[in-house]
Amino acid sequence: MKNGPLFFLGLFSALGISWAGLVIGINTQLGGLSPYFDEAQEAAFPARIPGIAEQGLRVYRDLGCASCHTQQVRRPGFGADQARGWGERQSVARDYIYQSQPQLGTMRIGPDLANYGTRAEEAGRTPAAVLADLYNGHAGMPAYRFLFAQRKLDGEPSAKALVGGAPAGYELVPTARAEALVAYLLSLKQSYDLPEAMPYEPADSTKEAAQ
Amino acid sequence: MTTALPTKVQPGADENEQACGGPLLLLIGSGLLWLVLGSALALLNLIQIYTPAFLADCAWFTYGRLQAMQETALLYGWAGNAGLAVALWVLSRLGGAPLRGTNYIVAGGLFWNLGVTLALVGIAAGDAAGHAAFQLPRYVQPLLLFSFAAIAVPGVLAWTGRRNASTYAGQWYAVAALFLFPWFFSVASVMLTFAPVRGTLQAVIATWYAQNLFSLWLAPVALAAVYYLLPKLTGRVIPNYDFAVYGFWSLLFFGCWLGGRHLIGAPVPAWVSTMAIANAWVVLFHHIIVFFNVRDLFRSGSGTVMRFLAVGTGAYLLSAVVDTAFSARALAVVTQFTYFQQAQGQLALGAVALILTGSIYYMTPRLAGGVWPSVGLIRGHFLAFAIGFVLLVASLAVAGWIQGSALNDPAVSFAQISERTKVWLQLATAAQAMLLAAHAVFALHFAKFIVGQMAKCCAARPLLAAEVTVS
Amino acid sequence: MSDDTIVAAHDKAAAGTPDTHAQYRILPLVLLFVFSGFIFYAGAYLGRYSGRFSGEIFDERQVPTSGQPVVAAIDPLVLGKRQYALACVTCHMPNGQGVPNLYPPLAGADWVTGSEERLIAIVVHGLKGPITVNGNVYSAAAMPAFGQVPGGGYNWSDERIAAVLTYIRQEWGNEAGPITAQQVAAVRTAHPDRKEWTEPELLALP
């Protein structure tokens, strides 16, 4: 190889082709995704994220929650995501269009959270219960005590105070970050249907099983 | 095959090297500091997995942040500094002239390390960008980009101003690494941080970036060192060298498509991961050619530098086979989201680290003059490094397989999973502790060497050309 | 080997040795074969599992078809449950028990599990006046029309009505057969200008 300019052109095109094919290709496909209007429910999905949940997303990101939790449900039959109750259908790109930074995650040291809000609602878990889990730790999850502040009781105790978490004369209240984080977690719902996410049934399933 | 060696030794070759030695030694030295720090953080991080309460009360050291910190320290601090030093050195040697513009290296190196320091503090304080292998806070990204460009300038000058019109494989890989990093880094910086794309597109770009960081930066730097050092050490021409050029271009053209194998089943169109899986097979062509080219490494096991290169290259080739095999959807369904993927990452990065370490052992005496104070320490480092590395990768892989199989069985709870993987993670911790000790010895040895040379340097000039090599 | 020799010697090696001895080199052929094999495999894999590079295909086994994607239909019970939660639940309660004396229960009600036509008619056109269910009289003002009929406030499609009816006929211990959208459409078109039904009118239906 002696031809300098040609060499650099080659280097550049190697990167450029993958950039054009992958990055630009996917951008034209998904960049303009709009919410899906569900005739049956007369509502568009996904729903916009409340402002406090958007703040919570930043807390989730900066604490690195994504190093233990994913937020992506694999399709039924591919892994045990459905059997573990993480979601009835696979997550698709449209589910994330309103999230400033989707926290798809790479590790499942803890459960998937793509439908945490749905699960919490079904189990009747209140924000206070989720806050208590954050304070105490839960199963293998460490306690996030620094998201709470202990302050001297001054007059009426705060309505948000955790029960029994502080000595007499003090109360334990969640910080704004903790409340935002919980609001974000409870906003995680993929319980609606999207046409591209509907389960696909191969014509001859015996052949596919061998895949 | 031997070629007639010129009898005339280049005059003053070593003096030239000492002229440019300082800046490169600065990069190597700071790289070693990051290596030790990164390994220490990685050790704490591993302990946290099965001891959730460990350091949990301090926001700066939550598991997530610590992981981002150790990854950044090792990728940008250690591999960044050391990789730059090795690439520049290979280019200057093969270019046949001392590096020009070394001030750029010093200035760039200072700012690069300032950037990595800021990045670590920023991540600890909660400013991480939140993408695997791209955790750098937004204010650090431009700084790193410009420092990299500054450091790369002498490399480009060494290429354009080379003495021979013809070029060698070591140069291609080194130039490719130096030239391409700023491009994909700036694309990632713009599309992920400064003008972020929507939704899960970010995941596609983040995996594209992470793959490029390996395929277009770390791997080429390591290969540049192997291609350069192998004929130096054996005195033989690389066998089947006429294929090296195909190996080079197949890595470049197919390697950057592999990122999507981390997105199997993810909320991105299926073709992204399908494309990656298909390319994972095609890129094996590169690895086959590299194997044919460097097979002498595995034949003559003499010399510690050679051993570092051999284990490193072996791990590099093995890593490609493992990555390809486990990108198949039937296997990925088990290993995805588990420690197994961490094992794959450690295998690939460890391969690069081994090659960089071997290169540093080779080049430092030539840059600083003199000989390494202790051959025993080098051998000890090699043994500890190799054993720790194999143990770490193996135990993480086993833990990951157990974890993945258990995750796919809905009857197994998360508590049971952590119970079953605990012993393997403890083994991985032991391995990481061993690596930390090994790297600490390496860094101290390097410091002792440099301090000794500096003392000598001040005591007596001129210095005789050093002829002793470690190997 | 010195640095200069490395470049020079390899430059020579890269040009390939002239084939003076008519030696047959097997490696280039093998590599070509291997490379073709990889390309062939990759091409075949891409062709089979790329979903034709569609941005709407998330399951690699799927292939886009013209028009509507081939997907499994929604389970009417799932759709029906959602419909129920959306509107019906406010009066008939989540457990289908209704409110004593006001809103009739659906669980175990003969109106629900009995005549399909009457049940469809109630939901499509609405109901006015008291109604007797399982022997108790319920006298709430009215049930609105849910069908796509003049004056109906909800405009639910036949499919949605069929789904919610199928749901209430099979929930809370009810064990009646499903209701199809065609049945709903038939009732809707059979009484084009219908206002709310009353109990006696309904009882006249089969």
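Descriptive notes on the structure:
- On inspection, A:PRO202 qualifies as surrounded by 13 or more Cβ atoms within 10 Å (Cβ to Cβ), under 25 Å from A:GLN82 (Cβ atoms) and at pLDDT below 80.
- Residue in segment B:385-408 that is farther than 30 Å from A:GLY85 by Cβ, loosely packed, with under 15 Cβ neighbours inside 10 Å and out of contact with any His (no Cβ under 6 Å at 6 or more places or on another chain) present: yes
- Hey, B:ALA73 over 25 Å from A:ARG58 (Cβ atoms) and either touching a residue at least 60 places away in the same chain (Cβ under 8 Å) or in a helix (DSSP H, G or I) (or both) or not: no
- Residues of segment A:111-133 that are open to solvent by less than 10 Å² (accessible area, probe 1.4 Å) and more than 30 Å from A:PRO195 (Cβ to Cβ): A:VAL130 alone.
- The single residue among A:LEU194, A:LEU186, A:LEU181, A:LEU172 that is in contact with a helix residue (DSSP H, G or I) (Cβ under 9 Å, 6 or more places away or on another chain), closer than 21 Å to A:GLN103 by Cβ and modelled with pLDDT under 90 turns out to be A:LEU194.
- Restricting attention to segment A:29-50, the residues that are more than 8 Å from every other protein chain (Cβ to nearest Cβ) and not acidic (Asp, Glu) total 13.
- Pairs with Cβ under 9 Å, 6+ apart, first in segment A:20-34 and more than 15 Å from C:GLY51 (Cβ to Cβ), second assigned to a loop (DSSP other than H, G, I, E, B) and among the basic types (Lys, Arg): A:ASN27/B:ARG198; A:GLY31/B:ARG198; A:GLY32/B:ARG198; A:LEU33/B:ARG198
- Every condition in (1) within 18 Å of the chain's Cα centre (by Cα); (2) part of a helix (DSSP H, G or I); (3) more than 13 Å from every other protein chain (Cβ to nearest Cβ) holds for B:LEU136 except the one numbered (2).
- Considering (1) out of contact with any Phe, Trp or Tyr (no Cβ under 7 Å at 6 or more places or on another chain); (2) surrounded by 24 or more Cβ atoms within 10 Å (Cβ to Cβ); (3) within 14 Å of chain C (Cβ to nearest Cβ), the lone condition that B:THR274 does not fulfil carries the number (1).
- Residue match in segment C:169-181 (condition: open to solvent by less than 60 Å² (accessible area, probe 1.4 Å), within 18 Å of C:LYS81 (Cβ to Cβ) and touching a Phe, Trp or Tyr at 6+ places or on another chain (Cβ under 7 Å)): no
- Flag for B:GLY130 being away from chain A (no Cβ under 14 Å), touching a helix residue (DSSP H, G or I) at 6+ places or on another chain (Cβ under 9 Å) and open to solvent by less than 40 Å² (accessible area, probe 1.4 Å): no
- Qualifying residues in segment A:43-58 (those that are open to solvent by 10 Å² or more (accessible area, probe 1.4 Å) and either assigned to a helix (DSSP H, G or I) or among the charged types (D, E, K, R) (or both)) - the one nearest to A:GLY110 (Cα to Cα): A:ARG58
- Condition met for A:GLN82 (part of a loop (DSSP other than H, G, I, E, B), more than 8 Å from chain B (Cβ to nearest Cβ) and without any contact (Cβ under 8 Å) to a residue 24 or more places away in the chain): yes
- Test result for C:GLN83, open to solvent by less than 30 Å² (accessible area, probe 1.4 Å) and modelled with pLDDT under 85: yes
- Residue within segment B:309-331 that is of a type in the set (Ser, Thr, Tyr) and within 14 Å of chain C (Cβ to nearest Cβ) present: yes
- Across segment B:235-262, the number of residues qualifying as more than 13 Å from chain A (Cβ to nearest Cβ) and either aromatic (Phe, Trp, Tyr) or farther than 27 Å from C:ARG25 by Cα (or both) comes to 1.
- Candidate set from segment A:128-150 (those that are aliphatic (A, V, I, L, M) and assigned to a loop (DSSP other than H, G, I, E, B)); member that is farthest from B:LYS422 (Cα to Cα): A:ALA143
- When residues of segment A:121-135 are limited to those that are in contact with a strand residue (DSSP E or B) (Cβ under 9 Å, 6 or more places away or on another chain) and more than 17 Å from A:ALA176 (Cβ to Cβ), the one nearest to the other protein chains (Cβ to nearest Cβ): A:ASP133
- Subset of segment B:156-182 (residues that are at the interface with chain C (Cβ under 9 Å from one of its Cβ atoms), touching a residue at least 12 places away in the same chain (Cβ under 8 Å) and more than 18 Å from the chain's Cα centre (by Cα)): B:ARG162, B:ARG163, B:ASN164, B:THR167, B:TYR168, B:ALA169
- Residue pairs whose Cβ atoms lie under 8 Å apart, sitting 6 or more positions apart in sequence or on different chains, and linking a residue in segment C:39-64 that is part of a loop (DSSP other than H, G, I, E, B) to a partner that is of a type in the set (Asp, Glu), are C:SER50/C:GLU60; C:GLU56/A:GLU196; C:ILE57/A:GLU196; C:PHE58/A:GLU196; C:ARG61/A:GLU208; C:PRO64/C:GLU56.
- Residue among B:LEU157, B:LEU143 that is in contact with a Lys or Arg (Cβ under 6 Å, 6 or more places away or on another chain) and surrounded by fewer than 24 Cβ atoms within 10 Å (Cβ to Cβ): B:LEU157
- Members of segment C:119-141 found to be open to solvent by less than 60 Å² (accessible area, probe 1.4 Å) and in contact with a strand residue (DSSP E or B) (Cβ under 9 Å, 6 or more places away or on another chain), listed by number: C:ALA121, C:ILE122, C:VAL123, C:HIS125, C:GLY126, C:LEU127, C:GLY129, C:ILE131, C:THR132, C:TYR138, C:ALA140
- Filter result for the condition that a residue is open to solvent by less than 70 Å² (accessible area, probe 1.4 Å), aliphatic (A, V, I, L, M) and modelled with pLDDT under 85, over B:ALA40, B:ALA4, B:ALA13, B:ALA19: B:ALA13
- Within segment B:44-61, considering residues that are open to solvent by less than 30 Å² (accessible area, probe 1.4 Å), of a type in the set (A, V, I, L, M) and at the interface with chain A (Cβ under 9 Å from one of its Cβ atoms), the one nearest to the chain's Cα centre (by Cα): B:ILE49
- Residue in segment B:365-381 that is most open to solvent (accessible area, probe 1.4 Å), counting only those that are touching a Leu at 6+ places or on another chain (Cβ under 9 Å) and in a helix (DSSP H, G or I): B:LEU377
- Exactly one residue out of B:ALA224, B:ALA128 is of a type in the set (Gly, Ala, Ser) and not in a loop (DSSP other than H, G, I, E, B): that is B:ALA224.
- Flag for A:ILE109 being under 16 Å from B:ALA203 (Cβ atoms) and either basic (Lys, Arg) or at the interface with chain B (Cβ under 8 Å from one of its Cβ atoms) (or both): no
The values are calculated or read from the model by the stated rules, or taken from the named source; none is laboratory data. Everything numeric in this text was worked out from a predicted model, so none of it was measured. Virtual Cβ from ideal backbone geometry, glycine too; neighbours counted across all protein chains shown. Please note that ligands, DNA and RNA were not included when accessible areas were found on the heavy atoms of the full protein model with its side chains. Shrake-Rupley method; radii C 1.70, N 1.55, O 1.52, S 1.80 Å.
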